[in-house]
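**Student:** Just dropping this structure here.
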Protein chains: 6
Amino acid sequence: MPNQIEEFNAYRQKMNDKILSDDNKVIKRIFNLDTNAYKSGHLDVKTKELLGLVASAVLRCDDCIKYHLETAFKQGASKEEVMETLSIATLVGGTIVIPHLRRAYEFWEALEYNHTNR
Amino acid sequence: MPNQIEEFNAYRQKMNDKILSDDNKVIKRIFNLDTNAYKSGHLDVKTKELLGLVASAVLRCDDCIKYHLETAFKQGASKEEVMETLSIATLVGGTIVIPHLRRAYEFWEALEYNHTNR
Amino acid sequence: MPNQIEEFNAYRQKMNDKILSDDNKVIKRIFNLDTNAYKSGHLDVKTKELLGLVASAVLRCDDCIKYHLETAFKQGASKEEVMETLSIATLVGGTIVIPHLRRAYEFWEALEYNHTNR
Amino acid sequence: MPNQIEEFNAYRQKMNDKILSDDNKVIKRIFNLDTNAYKSGHLDVKTKELLGLVASAVLRCDDCIKYHLETAFKQGASKEEVMETLSIATLVGGTIVIPHLRRAYEFWEALEYNHTNR
Amino acid sequence: MPNQIEEFNAYRQKMNDKILSDDNKVIKRIFNLDTNAYKSGHLDVKTKELLGLVASAVLRCDDCIKYHLETAFKQGASKEEVMETLSIATLVGGTIVIPHLRRAYEFWEALEYNHTNR
Amino acid sequence: MPNQIEEFNAYRQKMNDKILSDDNKVIKRIFNLDTNAYKSGHLDVKTKELLGLVASAVLRCDDCIKYHLETAFKQGASKEEVMETLSIATLVGGTIVIPHLRRAYEFWEALEYNHTNR
């Protein structure tokens, strides 16, 4: 089960490195903004990660959901907080969010398993 | 080919069970509503399943499409009715629906194959 | 209240005429397909209009919703059938569909009012 | 300027009352869930309203944005917190969110104006 | 007819100024990127504006469509080029794009009228 | 790596043939339009393919992205032109486009590898 996390991160890192090694300034700046936007400000990092998670979930982007699940996990978000966030996503975004909810749940289990068994 | 159906349903059932075993009331109620909304009312079940199918197709949710294809199949919808439904989805939702149309067609073939060879 | 319907149809017709008077073949053919797709086939016209309605509602296109409400009304769809269709749209598409549901409800009232008082 | 808020709420209330006076159970339950989902749980109400706001913003639903802006305002969210929430929405959802950001900003100003001058 | 353009630009400018006068860095940088991304590079400005137009049209953002119509007009794009661009948008994005096509056509007429009669 | 291209095209061709062998006129005409819309007109083929690419990217349709990447490649589009197109897609469509950008980049590499090593 931990492999799902490692594979996801390895592919993500490999392709990001390639994309950023090109000289496209717009893409580079968007990647840079993506890092800055979730830093602590008037809202704390955990809240921002949950905001990123709900946005990713209603827009039904599995990779984005996984990314924010992992960062939320590292920020100490509880399973209950994550599920409440995803419940709002499912209500606002409708039942088409449910397949993504299933995969999100599986990924969260992998994060917990990985953390306990490392 | 039948494996596609079994794998889809097995994963769906396994994750739904896990999600529902948690105590998130909002998610539980949405799942419950999802069952009730397609019951016979002023519109019959087959028509409702085709409504669910076209909604899933224009929103490009493969898992939702598969689910409604299977229930429409069980309700006796013909291939021609399903294709007319999907043709409206492709017209309203545009050519970005076509990749989902390909996978829907393949899943319908699996449903027919499974039915004939069981 | 009936003015909402007349204004909607007048603007729609005026702009469609202008667009079709141009020589863009792709657009002309899409407009032509849009007429043909809802003709009676393996599914009857009313069912197809409800399919068009649910697709329009989950994609949150007010003008498309109005168009299909009017054609469904002319095909004899009842308020209960239309509301069941829209309830599936709201479940599948989520609470973001609700503002469109409000405007759809108002337009349906205008259609009924217009029909009774003409 | 305060009129924008009153008009929005009056239309919203009038149409909700009409919709709920019908006997469509699915819609009634979705409206009911919409109230319950934002109640205090593992996450507090203000955080949930910001989650609803970011979901509404990336899905580009002006009425939903206004609704959550007003509830967030009542929960004591600061302008800075709301802007950070909307900045994440604009980053995740892209520049197509910007026209909604402009209208959100205007509505927030109306909320502040209304609060100061009542 | 020219008023449509002036009103659109005046509101856009007024709200952008307010938003940018706040100190939200993420939003400021996104606005800044939005200016830079359409500058001449490996692709010329007119092509980039048509890319922005087709993206705005399939995502059904009227204000974004208007903005790119005006910049494309200033870059010397012909009505035929714009209509071909919008025909691809309508094909890829489906018939739900048509209401936006009507409003785009009307705005383009206003741009031409404004240019001829200034 | 070249296998990704061959597998994609083989599945696409196989399912398209099946779908078109049915007698659904609406779907047949949409497929036909999809071929005609990208032919040379007031805009050249390469520009139209880039328009198709940006539309596919903001709508986050991986298969559509791959299709237009391959046709753009055959039309002589450079990697820089494709990346500028995708940078506009990422800006307009937001960071949820990034996972599709990663897969697009990988597919483009496969196209270049395939071309060099055939």
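The values are calculated or read from the model by the stated rules, or taken from the named source; none is laboratory data. Computed from a prediction, not measured in an experiment: that's the story for all the values here. A quick note on method: Cβ atoms are made from the backbone with ideal geometry, for glycine too, and the neighbour counts reach across all protein chains shown. The area values use the complete protein model at the heavy-atom level, side chains included, leaving out ligands, DNA and RNA. Shrake-Rupley method; radii C 1.70, N 1.55, O 1.52, S 1.80 Å.
**Student:** Can you name the residue in segment E:27-50 that is closer than 12 Å to D:THR95 by Cα and at the interface with another protein chain (Cβ under 7 Å from one of its Cβ atoms) and, of all such residues, is nearest to the chain's Cα centre (by Cα)?
**Tutor:** E:ASP34
**Student:** Kindly indicate whether any position in segment E:106-114 is modelled with pLDDT of 95 or more, facing another protein chain (nearest Cβ under 9 Å) and part of a helix (DSSP H, G or I).
**Tutor:** Looking through segment E:106-114, at least one residue is modelled with pLDDT of 95 or more, facing another protein chain (nearest Cβ under 9 Å) and part of a helix (DSSP H, G or I).
**Student:** So which pairs qualify, if the first residue must be in segment E:76-102 and at the interface with another protein chain (Cβ under 7 Å from one of its Cβ atoms), the second must be of a type in the set (A, V, I, L, M) and part of a loop (DSSP other than H, G, I, E, B), the Cβ gap must be under 6 Å, and the two must be at least 6 apart or on different chains?
**Tutor:** Within 6 Å, the pairs are E:GLU81/F:LEU43; E:GLU84/F:LEU43; E:ILE88/F:ALA37; E:LEU91/F:ALA37; E:ILE96/C:LEU59.
**Student:** Here's a follow-up. I'd like to know if segment B:67-74 contains one or more residues that are away from chain E (no Cβ under 14 Å), in a loop (DSSP other than H, G, I, E, B) and open to solvent by 20 Å² or more (accessible area, probe 1.4 Å).
**Tutor:** No, that holds for no residue.
**Student:** Another question about this same structure. If A:LEU53 passes every condition in (1) surrounded by fewer than 23 Cβ atoms within 10 Å (Cβ to Cβ); (2) away from chain C (no Cβ under 14 Å) but one, which one does it miss?
**Tutor:** Going through the list (1) surrounded by fewer than 23 Cβ atoms within 10 Å (Cβ to Cβ); (2) away from chain C (no Cβ under 14 Å), A:LEU53 breaks only (1).
**Student:** Among the residues of segment B:18-50, write down those that are open to solvent by 40 Å² or more (accessible area, probe 1.4 Å) and touching an Asp or Glu at 6+ places or on another chain (Cβ under 9 Å).
**Tutor:** B:LYS18, B:ASP23, B:LYS28, B:GLY41, B:HIS42, B:LYS46
**Student:** Which condition does C:GLY94 not pass, out of (1) over 25 Å from E:LEU101 (Cβ atoms); (2) under 13 Å from the mean Cα position of the chain (by Cα), if it passes all the others?
**Tutor:** (2)
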